[in-house]
Amino acid sequence: MLTIEVPDEVAVPLANQAASRGMTPAAFALDHLRELVTPRPLGSLLEFLGDRVGSIAGTGESYSRDSDRRFADGLAAEGSVRP
């Protein structure tokens, strides 16, 4: 067991918040400290990556659509092959 002393500027609001929830200050503080220091499961990959996931703004053109036809058209335009 650990005893932590807090100054009145923390103790008073802590007691008020605890009372408004029908809890003791110790129970209220323990619940909130537990959330801060207890490791949580990672969840999904999206949750793990969080705000590191994003997208890149581009031209809006779908380069993968009809790529075979566009490749052949490009070769034909160069004169490499006949259409």
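Tabulated data for the structure shown
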{"quantity": "Among (i) 36, 14, 13; (ii) 30, 14, 9; (iii) 66, 13, 11, the entry derived from the coordinates for semi-axes √(5λ) of the Cα gyration tensor in Å", "calculated": "(iii)"}
{"quantity": "Extension gain (nm, one decimal) between Ala15 and Thr38, 0.36 nm per residue minus Cα-Cα", "calculated": "6.0 nm"}
{"quantity": "The chain - mean residue ellipticity at 222 nm from DSSP helices (-39,500 (n - 2.57) per run, n ≥ 4, rounded to 500)", "calculated": "-15500 deg cm²/dmol"}
{"quantity": "Rounded if a/c under 1.5, otherwise prolate or oblate - segment 1-40, Cα gyration tensor axes", "calculated": "oblate"}
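Only the coordinates and a few stated rules stand behind these numbers; no lab work does. Note that this is a predicted model, so its numbers are computed, not measured.
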